[in-house]
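Q: Supplied in structure tokens, the structure appears directly below.
The values are calculated or read from the model by the stated rules, or taken from the named source; none is laboratory data. Just so it is clear, the structure is predicted and the values come from calculations on it, not from any experiment. Positions of Cβ are generated from backbone atoms using ideal geometry, with glycine treated the same way; all protein chains shown enter the neighbour counts. Quick note on the areas: whole protein, heavy atoms, side chains included, nothing else; ligands and nucleic acids left out. Shrake-Rupley method; radii C 1.70, N 1.55, O 1.52, S 1.80 Å.
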Amino acid sequence: MRNVAIAELAAQPDSWHNRIAIREPYLILHHWLSIAMDMEPQSKARVACLATVDEAGQPVTRMTSVEQINASGLTFYTALGSRLAGEIHANPHVSLQMYWPHLERSVHIAGTVSPVSALQAQLQFARYPREVQLSMHGIQTRKRSLLGKIKKCLSLILSEQRLPKVPVPPNWGGFLLSPTLYEFCRTCPKTQGRHCMRFRRCLTLPRGMRRETLKADRYDWVFDSSVQDS
């Protein structure tokens, strides 16, 4: 499958994968995200639309920030007492969409969600700026200009003062989305059609669709692609 995926990518016009070696779908996502962040640094490229299902079976969407992407999946964080956390607890199947209009590319990811460890959530909280940490406690800080922030840092250094660490909110944590589907789509500039690539976890497919991958384990992906007219 991976060799087929590489050949399919290489056949696409304008070398949309920049000829990187693709071994897993998350590497394509990493590559697209880095391009989006480089081209539009202010575009908040990590923000995604996350869909869950409520108790009545109705879809619910909200925006979230994808903080980590690796072979295990995508990680995002929220208040554990939020509506989002409650819906995930009741039904862990979710769908996530990332869209970069300046690239005319989008990624759809579906799978199941599980909570991350308290230590991982603590490490992520420590990465946030102090203003963001305080806002999670409901404390609003006065916005300073860049010069004001520099003056504040210098005054703390000269006075040898250290601001106390902001504790992690007791009701704050993270979730790992373990994908069973990646769908990468982009608009072809020449034809204005949509080129889509799909990667599905082998064991999420009906038995009759697995063919030669029948004995594959859960780490194997089944690949297909399509072109849609605009």
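Q: Against the condition touching a residue at least 12 places away in the same chain (Cβ under 8 Å), assigned to a loop (DSSP other than H, G, I, E, B) and touching an Asp or Glu at 6+ places or on another chain (Cβ under 9 Å), how does residue 74 come out, does it pass?
A: Against the criterion (touching a residue at least 12 places away in the same chain (Cβ under 8 Å), assigned to a loop (DSSP other than H, G, I, E, B) and touching an Asp or Glu at 6+ places or on another chain (Cβ under 9 Å)), residue 74 does not qualify.
Q: Return yes or no: is residue 43 in a loop (DSSP other than H, G, I, E, B) and either surrounded by 13 or more Cβ atoms within 10 Å (Cβ to Cβ) or modelled with pLDDT of 95 or more (or both)?
A: For residue 43, the condition - in a loop (DSSP other than H, G, I, E, B) and either surrounded by 13 or more Cβ atoms within 10 Å (Cβ to Cβ) or modelled with pLDDT of 95 or more (or both) - is met.
Q: Here's a check for you: in segment 182-219, which residue that is modelled with pLDDT of 70 or more and either part of a loop (DSSP other than H, G, I, E, B) or among the aliphatic types (A, V, I, L, M) (or both) is nearest to the chain's Cα centre (by Cα)?
A: So the residue we want is 197.
Q: Is at least one residue of segment 220-230 in a strand (DSSP E or B), among the β-branched types (Val, Ile, Thr), within 25 Å of residue 72 (Cα to Cα) and at pLDDT 70 or above?
A: yes
Q: Anything in segment 77-93 that is in a loop (DSSP other than H, G, I, E, B) and without any contact (Cβ under 8 Å) to a residue 40 or more places away in the chain? List them, or say none.
A: 82, 91, 92
Q: Taking residue 99 as meeting all but one of (1) open to solvent by less than 80 Å² (accessible area, probe 1.4 Å); (2) in a strand (DSSP E or B); (3) farther than 18 Å from residue 174 by Cβ, write down the number of the exception.
A: Of everything listed in (1) open to solvent by less than 80 Å² (accessible area, probe 1.4 Å); (2) in a strand (DSSP E or B); (3) farther than 18 Å from residue 174 by Cβ, residue 99 misses just condition (1).
Q: One residue is enough: does segment 51-70 have a residue meeting the conditions under 16 Å from residue 116 (Cβ atoms) and open to solvent by 50 Å² or more (accessible area, probe 1.4 Å)?
A: Yes, because at least one residue in segment 51-70 is under 16 Å from residue 116 (Cβ atoms) and open to solvent by 50 Å² or more (accessible area, probe 1.4 Å).
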